[in-house]
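The values are calculated or read from the model by the stated rules, or taken from the named source; none is laboratory data. Keep in mind that what you see is a predicted model, and the values were worked out from it rather than measured. No Cβ is skipped: glycine too gets one built from the backbone with ideal geometry, and neighbour counts run over all protein chains shown. Side chains included, ligands, DNA and RNA excluded: accessible areas come from the protein's heavy atoms. Shrake-Rupley method; radii C 1.70, N 1.55, O 1.52, S 1.80 Å.
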Protein chains: 2
Amino acid sequence: VNGPSPPAVVGSGRVRALGTAFEYPEGRAFLVSSPGVMDLHGAAIRSALSFRSFVEILVDDREIAKTLRGVEGILEAAIASEVRRDDFVVAFGGGVVSDMAGFAASVLLRGIRWYGVPTTLLAMADAAIGGKTGVDHPAAKNQIGTFHFPSGVLVDPDFLETLPERAYRSGLAEIYKALLVGDAEGAEEMRGRLEELARLRGARRALLRAIAVKERIVREDPFESDRRRVLNFGHTLGHALETAGAYRDLAHGEAVALGMAAALLLSSERSGYPEPDARAQAAELSRFARAGRAPELCPSRDAIRAALRRDKKNTAGRAPAVLLSRPGAPVIADISDEEWLDAAERILLPTGL
Amino acid sequence: VNGPSPPAVVGSGRVRALGTAFEYPEGRAFLVSSPGVMDLHGAAIRSALSFRSFVEILVDDREIAKTLRGVEGILEAAIASEVRRDDFVVAFGGGVVSDMAGFAASVLLRGIRWYGVPTTLLAMADAAIGGKTGVDHPAAKNQIGTFHFPSGVLVDPDFLETLPERAYRSGLAEIYKALLVGDAEGAEEMRGRLEELARLRGARRALLRAIAVKERIVREDPFESDRRRVLNFGHTLGHALETAGAYRDLAHGEAVALGMAAALLLSSERSGYPEPDARAQAAELSRFARAGRAPELCPSRDAIRAALRRDKKNTAGRAPAVLLSRPGAPVIADISDEEWLDAAERILLPTGL
């Protein structure tokens, strides 16, 4: 009933074959998306869903709207349309849409099927894959949710053509993370080319490899009891920087890039990662994440420390520090807050690297 | 991760051994209960939970409060107390408490463990067993929820000593339902003795058998794809009578008793149930459910028809009519609304049986 999804179906223009890409239950589709995404790609998804009668449910897809109230809106709409057990949900959008739509599917009639059609690079590489659904609580990110694996994920890179640059860069950072953690060869191919890939929008090959890494790790440990935690590489400090307000509007992937830079420096000191490589890759990630933004917005050491502590409580010890002993070889390590802060300073100060 | 629970632990005074009855994760207990239950049995459960540090979360346990908002209250309290993955929930109360506490457990940190300590006969026989969790929506009962099986259920019949009479009778009806569906010998033992068992509070033996039936059927079909639906015996018409307002304050079990009476009459006509037995048992159930209440509150045929139709939509075809070919031998049948209404009239009219 609830295990890892089949491998994602990937390909340019593949959304047109959505009807034959997967098996579906016999009922209607509940298309969950946002006004912005439907403005850009409504015609494509409506045409792709013409194989079945469907109901559109639009949600606010800003991170701040990823709440239980937002999910309640989806549930209300589905119940008002007399949802049945053989209906299914199609999540069409970025990570906020798939997190909320998947969560709604998991609690409607004690669980109906859902399918993901991600439209952002981040959602294609990460959010739509792996069955984690949920919402944020004012006091804590991602504390409310379920594991409810999509019955199919269709990745059509054509949707990326309309993606804003910052969002594309953010996705690139998550892709690099997946490869550093689980695909040394893929990581080597990306190394030194982050800016170029962002400029050329050239991440399709790396995206495929990142999806494969994520799918493999999720298959090994679907419910994150152990091995799956390595996907948190870069997220310990990254998330603390995000919540400490490092740089105005720091995107998630940018924060993760900074977190990976710090984790690479610590990896060279603590887990045998080759030092020259660590320094070079950390420098590239740090430059890529900051992309010319003003260093004066750098948060104080105290603010980052407070955010690290808050996160540690909020993740309830489930997000241990992940380092690398070499590309593709993650290790769990015990890193103190002060060690993270020292590494953060080296990353964040303009003269640090 | 999510499969049928181990068999319930049953015994007088067994709540005192709660700490050794099951394996628990290493964290704290979140005790979810209601003010009324804690007034009566707070000392017993606090003492039983003294093996672990615990946090009390009280909810309104009326059916009308079984909403997403109610569950949100549990989630807020758990998050405010910094819930961790190795914490667990203990649901202490009747069916509303276990439905909401189990649902909260299923979405906290994508699922933490829960344990049931039911205090009502209905919850002991039915609600706490089987992993169905959830809340009602204004437009539809039980449309929002999950399957999240408790890691242990402890049934201590001593809690029944304080149960109001109507609630005890309601539980007796659900017990009789389980036996009619899955334990012919147990059903025969109860037959003709409903009033006596209610007066003597003598259902312990029947309760044990009912729990065994429910556990067996749930093991065979945990996620209610097929076989488990037979547990809906008596619920098609029963629920329609409940929502049509048949008799003021009709208790759930009383409505189910009336529904079983009608289903037995239809079983003799449609599926070979011996007619004299059907008539006698239906008469007993009907008398037991009405227990001297005023026949003038009987709802109109139109009101019951409307409720049947609404339910059919709301249960989305998942609650088919269940008849019996003999005690212990349920069959799924196709019964029209008018057939249910004819049977309802025979049950509800004072001269009907």
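Tabulated values for the structure
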| item | result |
| --- | --- |
| Selection count, region B:136-146, where residues are touching a strand residue (DSSP E or B) at 6+ places or on another chain (Cβ under 9 Å) and either at positive phi or at the interface with chain A (Cβ under 9 Å from one of its Cβ atoms) (or both) | 6 |
| Some residue of region B:42-63 being part of a helix (DSSP H, G or I), modelled with pLDDT under 95 and out of contact with any Cys (no Cβ under 7 Å at 6 or more places or on another chain) | yes |
| Filtered residues of region B:202-231 (kept if within 14 Å of another protein chain (Cβ to nearest Cβ), open to solvent by 20 Å² or more (accessible area, probe 1.4 Å) and not basic (Lys, Arg)) | B:222, B:223, B:225, B:226 |
| Candidate set from region B:83-94 (those that are within 19 Å of residue B:41 (Cα to Cα) and touching a residue at least 60 places away in the same chain (Cβ under 8 Å)); member that is surrounded by the most Cβ atoms within 10 Å (Cβ to Cβ) | B:92 |
| Residues located in region B:251-272, provided they are outside any helix (DSSP H, G or I) and not hydrophobic (A, V, I, L, M, F, W, C) | B:271, B:272 |
| Those residues of region B:204-250 which are in a helix (DSSP H, G or I), modelled with pLDDT under 95 and among the small types (Gly, Ala, Ser), in sequence order | B:238, B:240 |
| Count of residues meeting criterion [open to solvent by 10 Å² or more (accessible area, probe 1.4 Å), small (Gly, Ala, Ser) and touching a strand residue (DSSP E or B) at 6+ places or on another chain (Cβ under 9 Å)] in region A:66-82 | 4 |
| So residue B:166, is it surrounded by fewer than 23 Cβ atoms within 10 Å (Cβ to Cβ), basic (Lys, Arg) and farther than 22 Å from residue B:48 by Cα | yes |
| Members of region B:217-226 found to be without any contact (Cβ under 8 Å) to a residue 40 or more places away in the chain, closer than 17 Å to residue B:148 by Cα and more than 15 Å from the chain's Cα centre (by Cα), listed by number | B:220, B:221, B:225 |
| Residues of region B:72-103 classified as facing chain A (nearest Cβ under 9 Å) and of a type outside the set (Asp, Glu), total | 8 |
| Within region A:135-146, considering residues that are buried (at least 22 other Cβ atoms within 10 Å of the Cβ) and in contact (Cβ under 8 Å) with a residue 60 or more places away in the chain, the one nearest to residue A:48 (Cα to Cα) | A:135 |
| Top-ranked residue in region B:45-58 [being aliphatic (A, V, I, L, M) and closer than 19 Å to residue B:76 by Cα; ranked as most open to solvent (accessible area, probe 1.4 Å)] | B:58 |
| Residues being part of a helix (DSSP H, G or I) and either touching a residue at least 60 places away in the same chain (Cβ under 8 Å) or within 14 Å of chain A (Cβ to nearest Cβ) (or both) - total across region B:147-178 | 14 |
| Residue that is farthest from residue A:121 (Cα to Cα) [pool: residues in region A:189-203 that are in a helix (DSSP H, G or I) and touching a helix residue (DSSP H, G or I) at 6+ places or on another chain (Cβ under 8 Å)] | A:189 |
| Selected residue (criterion: modelled with the lowest pLDDT) from residues of region B:64-90 that are under 26 Å from the mean Cα position of the chain (by Cα) and among the β-branched types (Val, Ile, Thr) | B:64 |
| Odd one out for residue B:101 among (1) crowded, with 22+ Cβ neighbours inside 10 Å; (2) closer than 20 Å to residue B:236 by Cα | (2) |
| Checking residue A:6 against (1) surrounded by 17 or more Cβ atoms within 10 Å (Cβ to Cβ); (2) not in a helix (DSSP H, G or I), the condition it does not meet | (1) |
| Region B:227-250, residues that are free of Cβ contacts under 8 Å to residues at least 40 places away in the same chain and among the hydrophobic types (A, V, I, L, M, F, W, C) | B:250 |
| Whichever residue in region A:5-50 is in contact with a Ser or Thr (Cβ under 9 Å, 6 or more places away or on another chain) and polar (S, T, N, Q) and, among such residues, is farthest from residue A:81 (Cα to Cα) | A:5 |
| Residues located in region B:110-130, provided they are buried (at least 23 other Cβ atoms within 10 Å of the Cβ) and within 11 Å of chain A (Cβ to nearest Cβ) | B:110, B:112 |
| Long-range neighbours under 7 Å by Cβ, at least six apart or interchain, first residue free of Cβ contacts under 8 Å to residues at least 60 places away in the same chain within region B:1-17, second part of a helix (DSSP H, G or I) | B:16/B:48 |
| Checking residue A:200 against (1) more than 16 Å from residue A:132 (Cβ to Cβ); (2) touching a residue at least 60 places away in the same chain (Cβ under 8 Å), the condition it does not meet | (2) |
| Some residue of region B:322-333 being small (Gly, Ala, Ser), modelled with pLDDT of 90 or more, touching a Phe, Trp or Tyr at 6+ places or on another chain (Cβ under 8 Å) and not in a helix (DSSP H, G or I) | yes |
| Hey, residue B:42 more than 30 Å from residue B:224 (Cβ to Cβ) and open to solvent by less than 30 Å² (accessible area, probe 1.4 Å) or not | yes |
| Residues being at pLDDT 85 or above and in a helix (DSSP H, G or I) - total across region A:273-306 | 21 |
